[in-house]
Structures are given as structure tokens and as C-alpha cells.
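The values are calculated or read from the model by the stated rules, or taken from the named source; none is laboratory data. The structure presented is a predicted model; accordingly, all values stated were derived computationally and were not measured. In this analysis, Cβ positions are derived from the backbone assuming ideal geometry, glycine residues included, and neighbour counts consider all displayed protein chains. SASA here: full protein model, heavy atoms, side chains in, ligands and nucleic acids out. Shrake-Rupley method; radii C 1.70, N 1.55, O 1.52, S 1.80 Å.
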Amino acid sequence: VCLGAYELGRLLSRAPGGAGSLLIRGGLVVTMNPRREIMSADIYVEDGRIAEIPSRHTAADLVIDATGQLVLPGLIQTHVHLCQTLFRGSADDLDVVEWLRQRIWPLEQVHDFTSVYDSARLGIVELLRGGTTTALTIETVRHTEAVFMALAETGLRAVTGKAMMDRLEVATEMIGETTEESLRESLALAKEYHQSSGGRLGYAFCPRGPRNCTEELWDSVIAAAMELGTIVHTHAAENFLQSQRLKTDGGTDIRYLHGLGATAGRLVVAHAVWVDEEEIALLADSGTAVAHCPSANMKLASGFAPVPEMRDRGVIVGLGADGAPCNNTLDAFHEMRMAALIHKPRLGAQVMSAQEVLEMATIDGARSLGLELEIGSLEAGKRADIILLNREGSHLWPQSNVDPIVQVVYQHRASDVSTVLVDGRVLLADGELTELDADEIHARAEESARRVFARVAASGALR
Ligand SMILES: [Zn+2]
């Protein structure tokens, strides 16, 4: 039987967490496996994992008809701020320093538990509807438990951490915290949420930037992350003047992080726009992953990260939308298209092929998180994080002589995503959310945004 969204939702409510079997039949499958195979094949899923591909099964507890659709691994974004979704459209046409000081820091400061929760749910719904199934996120200094609660309920896969900021500079004192508070709260969150929700959620220690934390806190974070086997995620080398201003004896951001020992563990740095050859070598040789955020880097006028050069040197590069107020969408298709286009004028049309860009949004995103054995491609044994793309739109024709990967990167849109599975749990079917009420989430987000903006107006901090 093939089921609509309503029936799917009912069926799945009886089988939470994707238990049971599921067959995705008749689609054109872009596997992103090591041979990068594209095949017309059925996929058989059992207890949340891909059991067979191609599959000869003809029946399952649930059959999804993918005829005429593309089937892909769920997209992975390695840099997002869910707590900022409420600030979308309220911090535009500013460079990153003004953007932070005049808008983002004052706004984050007036967040409460409910507004962080509503912000996260809005971001999660947008991500899921747009085919993103995994995100690495940095939240604000406080209320990160609200983000974990939203993640646990909604079904997105995520590695998340609270922003750590114990070193104060102009305009950060309002959201700053002591070294001890920062570490204590981070460790408590890691203990509660790392490897929670059946392994779907992980913890990342998130010093906000190399110079937003004291060296003492960095030392503790690096040691704790090694001990717990977690990621450290931070911003680095985003804005030229900022990176020059903050340059100390430890040198530019990447050198400074390396000097601290942060590159010895599993480190993911967002942006890496202003990096020289030596720093690229440091990133590559230490296995540090970079999250490329092309839209945010353009909108905040930060610059063009040398992604083709980093990839050539062997740096693992993933893709991220960054926060909603600097993009202004969380659409992975926008980010793929942007990543494919912006490096060509400088280095030639052949760089950043559609194939390479899709690798960044799937298997290289998984490698960035150390999850390449679990997600990032459609292969037997991996978790069933799968998306289906509708190919009916006029922007997707003709189809007979076109590489589907070219279509994914240059032509598809978030609105083409019809079906989304995480851990074999069907979260979107035929374009409809199966478990969540988008209208309700939008309305609550609107209400929380109203409260946050009233509070920030009263604080007088918004300029
Ligand atoms: Zn960011």
C-alpha cells in the first residue's frame, strides 16, 4: 500500500523512532557511496537503518512510492544557529561586527527559555522541509536545553552546544559569563544530551570564537572534548579587520587555535575566510573540518573562503546556512548553488563542480562530524536519513540527458523536497509534515519574536 501523509503519520505514531520495515520504491537513487553510483533502485529500511540497496523486497510495513522522484541522502549542514531564527529579517545590510554588536548580542541577551524553544522549532521545521536532516549548531549562552528539547521532539539529527563566552569585549559583557559557569553548564548539557534520543543528538563544545574565551577555558574545553569524544565547534577567520584586530602573540585565528591544541581533537571551524597557505596546511594536516557558509560570507561582506584551495589541500569542507539573520534562509539548496557559483569567477568555471558541492552537503558533512559510517550516503548499514525530491517543476525539465546531480545543485529548490526520513522515521511525506504543525510553530515563533523585540526595545541595547 502507498500511503498519504495523514496515514503515514498515523502509522508512524504506532512505530515511533522508525521501528519496523519500510520500502522506498521506484526512485532514481543518488547514493553518494564511494563509487558515487546513481541507480534506479528500491531501498529497504529496517529498524531505522538501510538494510538493502538495491532491494528485491516487494513488501514492507510501509511502502513509499518514489516513482519519478530523486532519492538522496539527507542533506547535512555543519554550521547553523537555531536560537537566531527569530531574528530573521532584523539584522540586514550590516557587516559582521556591526551585525553582532548592534543586533545579535543584544537580541540573544533577552532570549528566555520559551523564545529559544520557539526559535529552534521554527528553524528545525524549515530545515526538515528543505531536506536538511542533520545540523551542527551553536546556540546562545543560556537556555540551550530548550534547543535540545525541540530537537528531541521534532526528529532532526543534530550536534549542538551552548555558546561559551567568558572573555568580554565591547558589547559582549551583557551576555558574558564566568569561566566556571561556562564550563559547568557545558559539561552538564553534555552529560544530559550527548548521544541522547537513540544516538540522534550529540553535544559539541562551542567556544563562540577563538577570542571570545579565555585560554583557561579553551584548555578545559579541549580536555573535556577529548575525554568525552565530542566535537569542538567555533567561528574562525570570518572578517578581515576583525581577525587583524584580534591578532595577538598567538597569531591569526587558525594559528592561535592550533597553538592552544584545539586542532588535536575533532574541531570544526565555521567560515575560514581569511586563511593563508600555512593555515590551510594546518587545517588539512590536523583533520580540522571547515564549515563553508557562502551566503552568510557574502551578506556580511566577510569575503570568499578559499574553498577550492582548501579542498585541493585535503581539508574536509562541509556547508552551512549559518543563522537566519545573516542569510536569510536555512535552505541547503541555496547554499549548494552559492558554493558552486561564487568561486568560479576567481578560479575558472571548472572549480566546484556540482558533484563536489553535493559531496560537501552530504558525505563530507558527515566526515566533518565524524559520522561518516552512520550517515552521508545511501548504503546498507547506514542510518535511514533519506530525502525524496519531486521532479515535476518546470525548472527541472528536460530530464533525459541531464546529470541528476547537476539538477540537485543548480536547479532544485527546497520546495521540491517531498519526503524526509531521519532514522527511518518519516517526518515529511508528500510535502506535508507528519508529526509537526507548521502553522502552530509559525504562530508561536511570531509571538515569541514579539516578546523578544519588546524586551530588547525596553533594554535600549538595540541600535
Ligand atoms: Zn555562525
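Per residue, the solvent-accessible area of the chain (1.4 Å probe, heavy atoms of protein chains only, all protein chains present) comes to 37 Å². What's the angle, to the nearest 10 degrees (0 to 90), between helix 332-341's Cα axis and the longest principal axis of the chain? In the chain, helix 332-341 runs at an angle near 70 degrees to the longest axis. Under 5 Å between amide hydrogens, built in the peptide plane, is the criterion, and for Leu136 it picks out Gln77, Thr78, His79, Val80, Val159 among residues at least 5 positions away or on other chains. Within the range 35-172, the percentage of alpha carbon pairs spaced more than 17 angstrom apart rounds to 68%. Here the chain carries DSSP beta bridges of which approximately 45% are antiparallel, counting only pairs with both residues inside.
Rounded to the nearest 20, the size of the Cβ-charge dipole of the chain about its Cα centre is 400 debye, with Lys and Arg at +1 and Asp and Glu at -1. Positive end of the charge dipole of the range 316-410 (Lys, Arg +1 and Asp, Glu -1 on Cβ, about the Cα centre): tell me which of Leu371, Gln350, Leu388 has its Cα farthest that way. With unit charges placed on the Cβ atoms, the residue in question is Gln350. Once the chain from Leu373 to Asn401 is taken as fully extended at 0.36 nm per residue, the excess over their C-alpha distance is 6.8 nm.
A protection proxy built from the mean count of other Cβ atoms within 10 Å ranks the segments 382-389, 300-307, 348-355, most packed first, as 382-389, 300-307, 348-355.
Helical runs assigned H by DSSP (4 residues or longer) give the chain a calculated mean residue ellipticity at 222 nm of -10500 deg cm²/dmol, each run adding -39500 (n - 2.57) before division by the residue total. Most tightly packed first, judged by the mean number of other beta-carbon atoms within 10 Å of their residues, the peptides 125-136, 407-418 read 125-136, 407-418. The largest accessible area among Trp99, Trp397 belongs to the first residue in Trp397, Trp99, and the rest follow in falling order (1.4 Å probe, all chains). Assuming charge only on the beta carbon of Lys and Arg (+1) and of Asp and Glu (-1), the dipole of the range 170-249 about its Cα centre is about 360 debye to the nearest 20.
When +1 charges are put on Lys and Arg Cβ atoms and -1 charges on Asp and Glu Cβ atoms, the dipole computed for the range 321-457 relative to its Cα centre reaches about 540 debye.
Given N residues in the range 315-463, what is Rg(Cα) / (2.2 N^0.38 Å)?
Numbers: Rg = 18.7 Å, N = 149, 2.2 N^0.38 = 14.7 Å.
So the Cα radius of gyration is 1.27 times the expected 2.2 N^0.38 Å.
Bridges between two residues of the range 80-213, per DSSP, are antiparallel at a rate of about 10%. How many percent of Cα pairs in the range 180-231 exceed 13 Å? Result for the distance tail: 57 percent.
Between Ser415 and Thr58, the contour length at 0.36 nm per residue exceeds the alpha carbon distance by 125.6 nm.
Size descriptors for the chain (Cα atoms only): Rg and Dmax, in that order, 21.2, 66 Å. Of the peptides 188-198, 223-233, the ranking by mean beta-carbon count within 10 Å, highest at the top, reads 223-233, 188-198.
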